[in-house]
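Take a look at the structure below.
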Amino acid sequence: MGRDKATLPVGPERLLQRVVRRVRPHAAAVLVVARAGDEYPWAGAPVVADLYPDRGPLGGIATALQHARTPFLAAVACDMPFVSGPLLEHLTAHLAAHPGDDIALPRDEHDIQPLHAVYRVERARPAFVAALAQPRASIRAAFRGLRVRLFPADALAAFDPARAFWNINTPADYRALLAELGWPSDDAPAAKEVSP
């Protein structure tokens with residue numbers, strides 16, 4: 001994208017504020033993990049520094065698990081403008097009713113959605129920390145030894161998973177979001193795509 005997605009303006013708020021606002025009514029507490037703890041003072045939730053800043057989502061989830069004070073942690077990405085609080089509640093209810101399961105993990109036609117999933121803190125915390133001991137580990141490495149309950153998108157149809165899992169990865173995605181919400185895209189980054 002060429003800029004911090006959390007700060008993208010979406011009408012009267014920034015993208016991160018939108019995600020926090022959508023999650024807050026469905027959570028006991030909301031916590032933002034950022035590269036530095038003093039980032040995003042406007043987020044509308046406490047911000048903590050990522051304990052593993054160069055480890056991507058694996059490190060971000062591990063940091064959140066270490067700060068969690070509830071039995072379950074819903075992990076969501078800051079670039080999911082339609083994150084579904086009711087879906088997160090559904091996944092949490094599953095873990096509460098099934099003590100043998102450690103992760104309630106949605107899967108759509110593309111892949112698993114670990115950044116719209118719910119984790120049992122007590123068992124996921126050590127698994128994520130152990131995975132970080134591997135230099136190139138991904139989130140999937142943290143799943144080893146944990147009981148993962150997959151929820152295919154068709155089983156989650158009532159929650160509109162295609163919309164819930166939509167994320168902003170390109171300037172075109174951002175412009176599409178603004179158009180969907182009826183906001184002008186004057187502020188949208190140029191359409192220039194950057195190749196890896």
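Numbers at a glance
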item	result
Test: residue 83 is in contact (Cβ under 8 Å) with a residue 40 or more places away in the chain, surrounded by 23 or more Cβ atoms within 10 Å (Cβ to Cβ) and either in contact with a Lys or Arg (Cβ under 6 Å, 6 or more places away or on another chain) or over 20 Å from residue 26 (Cβ atoms) (or both)	yes
Count of residues meeting criterion [assigned to a strand (DSSP E or B) and of a type in the set (Gly, Ala, Ser)] in the range 45-61	1
Restricting the range 106-127 to residues that are over 16 Å from residue 147 (Cα atoms) and among the charged types (D, E, K, R), the residue that is modelled with the lowest pLDDT	109
Evaluation of residue 70 against (1) of a type outside the set (Phe, Trp, Tyr); (2) touching a Lys or Arg at 6+ places or on another chain (Cβ under 9 Å); (3) not in a helix (DSSP H, G or I) (one fails), failing number	(2)
Counted residues, the range 11-55 - those being over 12 Å from the mean Cα position of the chain (by Cα), closer than 25 Å to residue 142 by Cβ and touching a residue at least 40 places away in the same chain (Cβ under 8 Å)	6
From the options 93, 28, 64, residue that is surrounded by fewer than 19 Cβ atoms within 10 Å (Cβ to Cβ), at pLDDT 95 or above, out of contact with any helix residue (DSSP H, G or I) (no Cβ under 6 Å at 6 or more places or on another chain) and over 22 Å from residue 174 (Cα atoms)	93
Hits in the range 92-122 (condition: among the β-branched types (Val, Ile, Thr) and not in a strand (DSSP E or B))	92, 121
Some residue of the range 114-131 being within 30 Å of residue 177 (Cβ to Cβ) and exposed (fewer than 15 other Cβ atoms within 10 Å of the Cβ)	no
Pair list, Cβ under 7 Å, 6 or more apart: the range 94-108 residue under 13 Å from residue 73 (Cβ atoms), other residue part of a helix (DSSP H, G or I) and hydrophobic (A, V, I, L, M, F, W, C)	102/124; 103/124; 103/143; 104/91; 104/95
Residues (under 24 Å from residue 178 (Cα atoms), in contact with a Gly (Cβ under 8 Å, 6 or more places away or on another chain) and β-branched (Val, Ile, Thr)) located in the range 18-49	20, 23
Any chance residue 89 is assigned to a helix (DSSP H, G or I) and either on the phi < 0 side of the Ramachandran plot or charged (D, E, K, R) (or both)	yes
Filter result (in contact (Cβ under 8 Å) with a residue 12 or more places away in the chain and either farther than 16 Å from residue 89 by Cα or among the hydroxyl-bearing types (Ser, Thr, Tyr) (or both)) within the range 111-134	112, 119, 122, 123, 124, 125, 127, 128, 129, 130, 131, 132
From 142, 153, residue being closer than 19 Å to residue 103 by Cβ and modelled with pLDDT of 95 or more	142
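The values are calculated or read from the model by the stated rules, or taken from the named source; none is laboratory data. Just so it is clear, the model here is predicted, and its values are computed rather than measured. All Cβ positions, glycine included, derive from the backbone under ideal geometry; neighbour counts span all protein chains shown.
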